[in-house]
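First comes the structure, then the notes that go with it.
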Amino acid sequence: MFLQRFSFAFLFRFRSRFRHGQPDMKLPRTILGIETSCDETGAAVVADGRRVLSSVVSSQVALHSPYGGVVPELASRKHIEHILPVVRQALAEAGLKTGDIDAVAATQGPGLVGALLVGFSFAKAFAYAANVPMVGVNHLNGHLASLFLTDDPPAIPFVALLASGGHTAIYHVTGPVTSTLMGQTRDDAAGEAYDKVAKMMGLGYPGGAVIDNLAAQGDPAKYAFTRPYLDKAAFDFSFSGIKTAARRFIQEAGDALAPESPHIAAGFQEAVADVLCYKLVHAAKVKKCGHMALVGGVAANRRIGEKLRHAAKQEGLVVHIPPPAWCGDNAAMIGAAGFFQLAAGAEPVDLSADVYSRVA
Ligand code: KG4
Ligand code: ZN
């Protein structure tokens, strides 16, 4: 039902704006998306901003895990090795050639500058050679656009919580390319807290999925983690206190850490999940939105998803969580965001465009 509303109402409006704004340009149908903001080299082909024809992600997890986190210079070098094969594979899996691509969208920031430069410069070269427009995509907008890759996207306006390794923020989304920041973390991102706690427990990097699995076997009530709601009316987050509590419990467990790990992981996860769910539901109520969404790598977490679905049911809200493939970093979401930007009349970038590490 909403799919129809979305496709016709929004696209029609976008098409007209696009035509009026730039009469010589046609709305691109087939977009090559490129993502290299951190440790995944991604390329995807997306049709009409909604249909994923292919999506290839080459992960660098094995490269970085001995260091307990992403080593920026190693990431850049690996992106250089992988970008061409990954783009070739994305085109091949879509059954397309360079000449079939109507536009290129690449992550411009925020992220690791050296990593971003690989994908962004490659995209510029591709767009120049293929003589098609290129747009720079904000990685965070890319995560929000992952919601439009599903068969049942949220009804606009909605509220969305982006929880990843670099960000934890709540947005009021008023269109596929328009959103307002309602609040964000004051210290660690939720995914970063998962990664740090996993590292303290000697569970390797990245820690999200490991803690997710370990916590499933633990008792979340055995260790008393506090819930840092901060101002309950506001939408800011802080995860450093939960992280410090985890460190204390880990130290206290000493030699008995192995049998206690599932309980510490479960207690930590339950505290993070409670705070995330409370703030997102509260945002939906304040903005009077019937739909809410969770995106970013942490959205793949089973317990957080379960709690959010339960809370949504109790409050009469509809919750949207993309499938795991669109939660973590990927290029399909970048292609989708690029499509909506062009459709909304965004100017293509020129060859002098630069990447940015942070949002100003
Ligand atoms: O969105 P993403 O792939 O990259 C960034 O933009 O940061 O998110 C990566 C983060 C990592 O911190 C990782 O530990 C976390 O997402 N993550 C999870 C799960 N899977 C990945 N956190 C909790 N539970 C998971 N199942
Ligand atoms: Zn991300």
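Where a number appears in this text, it was derived from the coordinates with a stated rule and is not lab data. None of these values were measured; they are calculated from a predicted model. Positions of Cβ are generated from backbone atoms using ideal geometry, with glycine treated the same way; all protein chains shown enter the neighbour counts.
Of the trypsin sites (Lys or Arg not before Pro) found in the stretch 154-261, those that fall in a DSSP loop while having at most 13 other beta-carbon atoms within 10 Å are Arg186, Lys222, Lys232.
Cross-link check: pairs Lys222/Lys307; Lys78/Lys124; Lys97/Lys124; Lys26/Lys78 evaluated at a Cα-Cα cut-off of 25 Å; pairs beyond the cut-off: Lys26/Lys78.
Taking 0.890 mPa s as the viscosity and 25 °C as the temperature, the Stokes-Einstein diffusion coefficient of the stretch 286-360 based on its alpha-carbon Kirkwood radius rounds to 162 µm²/s. Between the helical axis of 72-94 and the longest alpha-carbon principal axis of the chain there is an angle of about 50 degrees. Across Ala130, Ala336, Ala169, mean-square fluctuation computed from a Gaussian network of the chain (C-alpha pairs under 10 Å connected) peaks at Ala130. For a test of the definition: using alpha carbon positions, the gyration tensor, and the 1.5 limit on a/c, classify the chain as rounded, prolate or oblate. Oblate is the answer for the chain, as a/c is 1.5 or above yet b/c matches or exceeds a/b. Provide, for q = 0.09, 0.17, 0.19 Å⁻¹, the log10 of I(q)/I(0) from a solvent-free Debye sum over equal Cα point scatterers in the stretch 155-321. After summing over all Cα pairs, the log10 values are -0.28, -0.95, -1.15.
Each helix, a run of at least 4 DSSP H residues, gives -39500 (n - 2.57); summed and divided by the residues of the chain, these come to -14000 deg cm²/dmol at 222 nm. If you run the Gaussian network model on the chain, springs between alpha carbon atoms under 10 Å, then out of Thr107, Thr30, Thr244 the most flexible one is Thr244. A Förster radius of 41 Å combined with the Cβ-Cβ distance from Ala234 to Lys97 puts the calculated FRET efficiency at roughly 0.20.
Taking the longest Cα principal axis of the chain as reference, the axis of helix 332-343 is set at about 50 degrees. Which one, Ser55, Ser261, Ser146, has the greatest fluctuation when you compute a Gaussian network model over the chain with C-alpha springs under 10 angstrom? Ranking Ser55, Ser261, Ser146 by mean-square fluctuation puts Ser261 first.
At full extension, Arg51 and Asp187 could sit 45.3 nm farther apart than now, given 0.36 nm per residue minus the alpha carbon distance. Entry note: the stretch 238-278 has Rg to Rh equal to 1.02, where both radii use alpha-carbon atoms and Rh is the Kirkwood radius. With a Förster radius of 25 Å applied to the C-beta separation of Gln89 and Ala209, the computed FRET efficiency comes to 0.55.
Relative to the dominant Cα principal axis of the chain, helix 113-130 is inclined by about 20°. Once the Cα-Cα distance is subtracted from the 0.36 nm per residue extended length, the Arg358 to Glu252 segment shows a gain of 34.4 nm.
Identify all aspartates and glutamates with a Cα-Cα distance to Lys232 below 20 Å; exclude those on the same chain that are fewer than 8 residues away in sequence. Straight-line reach from Lys232, under 20 Å: Asp187, Asp188, Glu270, Asp274, Glu315. The length gained by stretching the chain between Ser65 and Glu347 to full extension, at 0.36 nm per residue less their Cα-Cα distance, is 97.6 nm.
Label sites at Ala221 and Glu315, each approximated as a point 7 angstrom past Cα along Cα to Cβ, lie 2.4 nm apart.
Exposure proxy for Val349, Val159: other Cβ atoms within 10 Å of each Cβ, ordered fewest to most, give Val349, Val159. Charging the Cβ of each Asp and Glu at -1 and of each Lys and Arg at +1, and nothing else, the dipole of the chain about its Cα centre rounds to 940 debye.
Taking the DSSP bridge list for the chain and keeping only pairs wholly inside it, about 60 percent are antiparallel.
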